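Each remark here refers to the structure printed beneath this line.
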Amino acid sequence: MYAFAIFLPLIGCLLAGLFGRPLGDRGAQLVTCGAMLAAAAIAAIAFYEVALGGAPRDIKLFTWIDSGALEANWALRFDTLSATMVAMITLVSSMIHIYSIGYMEGDPSVPRFMSYLSLFTFAMLMLVTADNLVQLFFGWEGVGLTSYLLIGFRYERSAANAAALKAFLVNRVGDLGFMLGICGVFYAVGSVEYDTIFSAVPSLAGREIAFLGMRLDLLTTLCLLLFIGAMGKSAQLGLHTWLPDAMEGPTPVSALIHAATMVTAGVFMVVRLSPLFEAAPAALDFVTLVGAATAFFAATVGLVQTDIKRVIAYSTCSQLGYMFFACGIGAYPAAMFHLITHAFFKALLFLCAGAVIHGVHHEQDLNRMGGLAARMPVTAALMWIGSLSLAGMPMFAGYYSKDLILESAFAANTPVATIAFWLGLAGVLMTAFYSWRLLALAFHGQTRAKHDVYHHAHDAPAVMIAPLFVLAVGAVIGGWALHGLFVGEGMDKFWGDSVALAKAGEIFEAAHLLPGWVPAAPVLLALGGIVLALVLYLSRPDIPAAVAQRAGGLYRFLLNKWYFDELYDMIFVQPALALGRGLWKGGDEAVINAAGPDGVAAATLGLAMRASRLQTGRLYHYAFAMLAALVAALTYFLLSGE
């Protein structure tokens, strides 16, 4: 039965994709949404039996690869970690599927869109239920491919095509490291099966490999290569540039990619391979620093963005940084806890943003909104709920998970963890500020929208609003409802051996003995950020403009996203274009074509043109030629004496 939770989305994808024309828009929506809801129901049963009931199971479907030493089954691994992910993915994806019925109304390619959504979900489900690295890589590349299709869904727009290609290429950079890591693991262990790899970890500790005259620690090298893949998929600093551009896809795509699925794949992978990472402390320090730097960087950029979806996108990037530095300090359950709560409130925020865009004639610029709470009260209230959870306000889901990560970083009491703690605190302040800046600019104060746009603004239809309420429930109660299982006293029994827990248990115990200011600081900073944003953008809207003008260099630095795109364009894109143009003009055209096809064709044409001059069409020319030939032949015979 569990297999249906994985393969029903694929069945819905095939039906909508292959039979979309006879099914029509409504038929394709019913098929895909029905399949997703059925998958979510089965996933809930699996979560109850596997995670809550402590009955993990592996379902072997068939032998996939059997070539020499490489053996890999196509199997479904249902332990607590995968059952939790499957339940969350199917639930959030179901809500996004239903929301899409209203959002995509009138689009000429509804069956194709619904098919892509279901295929994306299937690929992610394959990723989280894999029991070996090769099957994990299949799902990994599957979400990469389908993200390309979804981001570039409106392929008639050049911006969408460019964003899809950028996402695909940047992820390929990370995937190169991931592939090398998988190959390295197979080289070291002789297997790609998780259980075999984990059992071999003690024997690999302390081993070194030679590379370019250097001696490198084997496990550290393997974990760093695997983490490079996670950096690309989860948009960590350096390989993050594709994430904001992915906003070119329709809003349901943004919610699906940035909430429950693709961007969390890297976090899941690190948690799944936590027994391997635990044996490579240097790699974990690197994970911590990258995560902390990403959390800080993305929050600074989110402060000044004016596109409603890009603000939330940079928020995703920042929250993923928190998850990664939780993994880096060994608090894997805290990372998973934040991954689950984040899925609810971030999907809620994106879909609320979509409802706003839908209600104001596809306007996304916050500077052309304002006062929309009067026209869209339900959307405004739900957006507040999502923002309260994101900011980590008490009693909301984000409070329990994000604050635990910060407390764990302080309790870990290592240099890199301390750096992560302070950068994370700075991120809390900025997160609250840009969240309420968004709320103030979009929903409150005087409207800056066009008169007709403002007066026609309205809450979304019921088919779009209903999923938001489901996600809002998770954003409110998800924290305290799951706290005991994920990170509380029942943690060991709940996670079992699906996650490395030794270091996490010590850290969580130490977190209970922290000074009072540590748990209070995130809440106070968040409140400060909220108040500051409301004052600046509602009471004194002249101050932000004055600050931006006075600190013009810093403002442009943040507005241009620390100039990462420009830097990469200068270092990689332009040299690659120059090299390609040189090889094209100087190599392909000047040498290969000139001496090859074009040269032969030109010579043939020249000979043909010369030969054609003999064909004049005049009889006396031909008679003269015949006479001249006859005279030449007779002369030859006479002179030769034959």
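Of the conditions (1) touching a Phe, Trp or Tyr at 6+ places or on another chain (Cβ under 8 Å); (2) farther than 20 Å from residue 262 by Cα, residue 55 satisfies every one except a single condition; which number is it?
(1)
Residues in the range 306-317: is at least one more than 17 Å from residue 437 (Cα to Cα) and either touching a residue at least 60 places away in the same chain (Cβ under 8 Å) or outside any helix (DSSP H, G or I) (or both)? Steps first, please.
Taking the range 306-317 as the starting set, the residues that turn out to be more than 17 Å from residue 437 (Cα to Cα) are 317.
Next, from what is left, pick out any that are either touching a residue at least 60 places away in the same chain (Cβ under 8 Å) or outside any helix (DSSP H, G or I) (or both): 317.
Yes - at least one qualifying residue is present in the range 306-317.
Given the criterion of a type in the set (Gly, Ala, Ser) and farther than 20 Å from residue 285 by Cα, identify the matching residue among 206, 213, 181. Working first, answer last.
On the way: 206 fails: farther than 20 Å from residue 285 by Cα; 181 fails: farther than 20 Å from residue 285 by Cα.
Among 206, 213, 181, only 213 is of a type in the set (Gly, Ala, Ser) and farther than 20 Å from residue 285 by Cα.
Of the numbered conditions (1) of a type outside the set (D, E, K, R); (2) within 26 Å of the chain's Cα centre (by Cα); (3) surrounded by 22 or more Cβ atoms within 10 Å (Cβ to Cβ), residue 457 satisfies every one except a single condition; which is it?
Result: residue 457 fails condition (2) only.
Taking only the range 185-197 into account, find how many residues are assigned to a helix (DSSP H, G or I) and under 23 Å from residue 76 (Cβ atoms).
Here is the first cut: in the range 185-197, the residues assigned to a helix (DSSP H, G or I) are 185-189, 194-197.
Retained after the next criterion (residues that are under 23 Å from residue 76 (Cβ atoms)): 185-186, 189, 194-197.
Looking only at that region, the number is 7.
Determine, yes or no, whether residue 81 is closer than 22 Å to residue 338 by Cα and open to solvent by 50 Å² or more (accessible area, probe 1.4 Å). Before you say what the answer is, go through the steps one by one.
On the way: closer than 22 Å to residue 338 by Cα: yes; open to solvent by 50 Å² or more (accessible area, probe 1.4 Å): no.
So residue 81 fails the test.
Looking at the range 1-14, which of its residues are in a helix (DSSP H, G or I) and open to solvent by 70 Å² or more (accessible area, probe 1.4 Å)? Show your work before the answer.
Just the residues of the range 1-14 that are in a helix (DSSP H, G or I), to begin with: 2-14.
Across the range 1-14, the qualifying residues are 4, 11, 14.
Would the range 331-349 turn up any residue that is closer than 26 Å to residue 446 by Cα and crowded, with 24+ Cβ neighbours inside 10 Å? Talk me through it step by step, then tell me what you get.
To start, the set of residues in the range 331-349 that are closer than 26 Å to residue 446 by Cα comprises 348-349.
Still in the running and crowded, with 24+ Cβ neighbours inside 10 Å: 348-349.
Looking for residues that are closer than 26 Å to residue 446 by Cα and crowded, with 24+ Cβ neighbours inside 10 Å, one finds at least one in the range 331-349, hence yes.
Being small (Gly, Ala, Ser), modelled with pLDDT under 95, in contact with a Phe, Trp or Tyr (Cβ under 9 Å, 6 or more places away or on another chain) and within 19 Å of residue 87 (Cα to Cα), is that true of even one residue in the range 140-149?
Pass one, the range 140-149, residues small (Gly, Ala, Ser): 142, 144, 147.
Of the ones still in play, those that are also modelled with pLDDT under 95 are 142, 144, 147.
Then keep just the ones that are in contact with a Phe, Trp or Tyr (Cβ under 9 Å, 6 or more places away or on another chain); that gives 142, 144, 147.
With within 19 Å of residue 87 (Cα to Cα) added as a condition, the list becomes none.
There is no residue in the range 140-149 that is small (Gly, Ala, Ser), modelled with pLDDT under 95, in contact with a Phe, Trp or Tyr (Cβ under 9 Å, 6 or more places away or on another chain) and within 19 Å of residue 87 (Cα to Cα).
Just for the range 28-69: of the residues that are within 16 Å of residue 1 (Cα to Cα) and among the acidic types (Asp, Glu), which one is nearest to the chain's Cα centre (by Cα)?
58
Across the range 482-512, what is the number of residues that are among the hydroxyl-bearing types (Ser, Thr, Tyr) and more than 15 Å from residue 52 (Cβ to Cβ)? Break it down into steps so the answer makes sense when it comes.
Filtering the range 482-512 for residues among the hydroxyl-bearing types (Ser, Thr, Tyr) gives 498.
With the extra rule that they be more than 15 Å from residue 52 (Cβ to Cβ), the set shrinks to none.
Going through the range 482-512 one residue at a time, the tally reaches 0.
May I ask you to list the residues in the range 198-257 that are outside any helix (DSSP H, G or I), in contact with a helix residue (DSSP H, G or I) (Cβ under 9 Å, 6 or more places away or on another chain) and open to solvent by 40 Å² or more (accessible area, probe 1.4 Å)? Write out each step before concluding.
Step one: list which residues in the range 198-257 are outside any helix (DSSP H, G or I), which gives 205-217, 234-241, 249-250.
With in contact with a helix residue (DSSP H, G or I) (Cβ under 9 Å, 6 or more places away or on another chain) added as a condition, the list becomes 205-209, 211, 217, 234-241, 249-250.
Result: 205, 206, 207, 208, 209, 211, 217, 237.
Mind listing whichever residues of the range 440-454 are in contact (Cβ under 8 Å) with a residue 40 or more places away in the chain and assigned to a helix (DSSP H, G or I)?
Keep residues of the range 440-454 that are in contact (Cβ under 8 Å) with a residue 40 or more places away in the chain, which gives 440-450, 453-454.
Passing the criteria: 440, 441, 442, 443, 453, 454.
What pairs can you find where one residue is in the range 78-98 and within 20 Å of residue 132 (Cα to Cα), the other is of a type in the set (Lys, Arg), and their Cβ atoms are less than 8 Å apart, with a gap of 6+ or different chains?
Close Cβ pairs satisfying both conditions: 78/57; 81/272.
One line per residue, one yes/no per condition, for (1) over 28 Å from residue 39 (Cβ atoms); (2) over 25 Å from the mean Cα position of the chain (by Cα); (3) of a type in the set (Ser, Thr, Tyr):
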| residue | (1), (2), (3) |
| --- | --- |
| 143 | no, no, no |
| 158 | yes, no, yes |
| 163 | yes, no, no |
| 166 | yes, no, no |
| 202 | yes, yes, no |
| 222 | yes, no, no |
| 226 | yes, no, no |
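Could you check, for the range 41-54, whether at least one of its residues is out of contact with any Gly (no Cβ under 6 Å at 6 or more places or on another chain) and in a strand (DSSP E or B)?
Checked the range 41-54: no residue is out of contact with any Gly (no Cβ under 6 Å at 6 or more places or on another chain) and in a strand (DSSP E or B).
Could you check residue 59 against (1) open to solvent by 10 Å² or more (accessible area, probe 1.4 Å); (2) of a type outside the set (Gly, Ala, Ser); (3) part of a helix (DSSP H, G or I) and say which number it fails?
The number of the failed condition is (3).
Does the range 359-379 hold any residues that are open to solvent by 10 Å² or more (accessible area, probe 1.4 Å), assigned to a helix (DSSP H, G or I) and within 20 Å of residue 305 (Cβ to Cβ), and which are they?
Listed by number, the residues that qualify are 367, 368.
Exactly one condition in (1) within 30 Å of residue 536 (Cα to Cα); (2) open to solvent by 50 Å² or more (accessible area, probe 1.4 Å) is not met by residue 424; state its number.
With (1) within 30 Å of residue 536 (Cα to Cα); (2) open to solvent by 50 Å² or more (accessible area, probe 1.4 Å) applied to residue 424, the lone miss is (2).
Do we find a residue being within 29 Å of residue 100 (Cα to Cα), buried (at least 24 other Cβ atoms within 10 Å of the Cβ), at pLDDT 90 or above and within 12 Å of the chain's Cα centre (by Cα) anywhere in the range 289-302?
no
Counting just the residues of the range 309-330 that are hydroxyl-bearing (Ser, Thr, Tyr) and in contact with a Leu (Cβ under 9 Å, 6 or more places away or on another chain), which one comes out surrounded by the most Cβ atoms within 10 Å (Cβ to Cβ)?
Filtering the range 309-330 for residues that are hydroxyl-bearing (Ser, Thr, Tyr) and in contact with a Leu (Cβ under 9 Å, 6 or more places away or on another chain), the one surrounded by the most Cβ atoms within 10 Å (Cβ to Cβ) comes out as 322.
Please enumerate the residues belonging to the range 491-534 that are open to solvent by 10 Å² or more (accessible area, probe 1.4 Å), closer than 30 Å to residue 444 by Cα and not small (Gly, Ala, Ser).
Across the range 491-534, the qualifying residues are 523, 524, 525, 527, 530, 531, 532, 534.
Would you mention how many residues in the range 355-380 are without any contact (Cβ under 8 Å) to a residue 60 or more places away in the chain, closer than 21 Å to residue 96 by Cβ and small (Gly, Ala, Ser)?
Looking only at that region, the number is 0.
On the basis of being within 15 Å of residue 348 (Cα to Cα) and either in contact with a Ser or Thr (Cβ under 9 Å, 6 or more places away or on another chain) or surrounded by fewer than 21 Cβ atoms within 10 Å (Cβ to Cβ) (or both), does residue 401 make the cut? So that I can check it myself, show each step before the final result.
On the way: within 15 Å of residue 348 (Cα to Cα): no; either in contact with a Ser or Thr (Cβ under 9 Å, 6 or more places away or on another chain) or surrounded by fewer than 21 Cβ atoms within 10 Å (Cβ to Cβ) (or both): yes.
Answer is no for this residue.
Failed condition for residue 434, given (1) out of contact with any Ser or Thr (no Cβ under 8 Å at 6 or more places or on another chain); (2) within 18 Å of residue 353 (Cα to Cα), with all others met?
Residue 434 satisfies all of (1) out of contact with any Ser or Thr (no Cβ under 8 Å at 6 or more places or on another chain); (2) within 18 Å of residue 353 (Cα to Cα) except (1).
The values are calculated or read from the model by the stated rules, or taken from the named source; none is laboratory data. Everything numeric here is computed off the predicted structure, so don't read it as measured data. All Cβ positions, glycine included, derive from the backbone under ideal geometry; neighbour counts span all protein chains shown. Surface accessibility is based on the protein's heavy atoms, side chains included, excluding ligands, DNA and RNA. Shrake-Rupley method; radii C 1.70, N 1.55, O 1.52, S 1.80 Å.
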